[in-house]
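The structure appears below as structure tokens.
Each reported figure results from applying straightforward, stated rules to the coordinates on display, with no laboratory input. None of these values were measured; they are calculated from a predicted model. Neighbour counts run over all protein chains shown; Cβ positions are idealised from the backbone, glycine included.
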Ligand SMILES: [Ca+2]
Ligand SMILES: [Ca+2]
Ligand SMILES: [Ca+2]
């Protein structure tokens, strides 16, 4: 039996075993009884990798930890009709969103935003609805538009890049 270490700060309260039913575990608000959280082991390896946040029957968001290191890699946000609205991705795996994908009206992403140190670095847009970006706007450290890359021939790659001149300083 492991010894309890008193006075060392953290309690052992959050070590409660999950009463998993199959691969799904549901969490309820202790006061209202509303469904709050569904934990799911999508690849059935015994470790929860998908958490769905709910407010009763309303789906709020899904957090996915693909590599199961305890840090979320993908966030999915849904609108009131349960349509996927935007997807956040932590490409560095550090638990911080650095890319956002926005779903277009046809249900496929038509806008991608990437972030560096909390500011938008690039914004890519799919203008012709083929699920691939055709234009990419890049921003400099000051948040100014610096380059516009585009794919005028629809090759699937950016073949044209235009530098946006830095405006003359106002001083
Ligand atoms: Ca798993
Ligand atoms: Ca992870
Ligand atoms: Ca496109």
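May I ask you to give the average projected area over all directions of the convex hull of the Cα atoms of segment 43-171, in nm² rounded to one decimal?
On the way: hull surface 44.9 nm².
Hull-based average projected area comes out at 11.2 nm².
Which FRET efficiency, nearest 0.05, do residue 47 and residue 127 yield, Cβ-Cβ r, R0 30 Å?
That pair, residue 47 with residue 127, gives E of 0.15.
Using a Gaussian network model on the chain with a 10 Å cutoff between Cα atoms, which of 127, 69, 153 fluctuates the most?
In the Gaussian network model the winner is 153.
Between residue 116 and residue 166, what is the label-point separation in nm under the 7 Å Cα-to-beta-carbon projection?
1.5
Could you calculate the contour length gain from residue 96 to residue 55, that is, 0.36 nm times the residue separation minus the distance between their Cα atoms, to one decimal place in nm?
Details: separation 41, 0.36 × 41 = 14.76 nm, distance 2.37 nm.
This chain segment gains 12.4 nm when fully extended.
Set the Förster distance to 41 Å, then compute FRET efficiency between residue 67 and residue 153 from the Cβ-Cβ distance, nearest 0.05. Before the final figure, lay out each step's value.
Working: r = 38 Å, r/R0 = 0.92.
The formula returns an efficiency of 0.65 here.
Each label point is 7 Å from the Cα along the Cα-to-Cβ direction; what then is the distance between the points at residue 141 and residue 106, in nm?
Those two pseudo-labels are separated by 4.1 nm.
If you take the square roots of the eigenvalues of the alpha-carbon gyration tensor of segment 81-139 and sort them as a ≥ b ≥ c, do you get rounded (a/c under 1.5), prolate (a/b over b/c) or oblate? Could the numbers behind the result be given before it?
Values: a/c = 2.62, a/b = 1.29, b/c = 2.03.
Oblate is the answer for segment 81-139, as a/c is 1.5 or above yet b/c matches or exceeds a/b.
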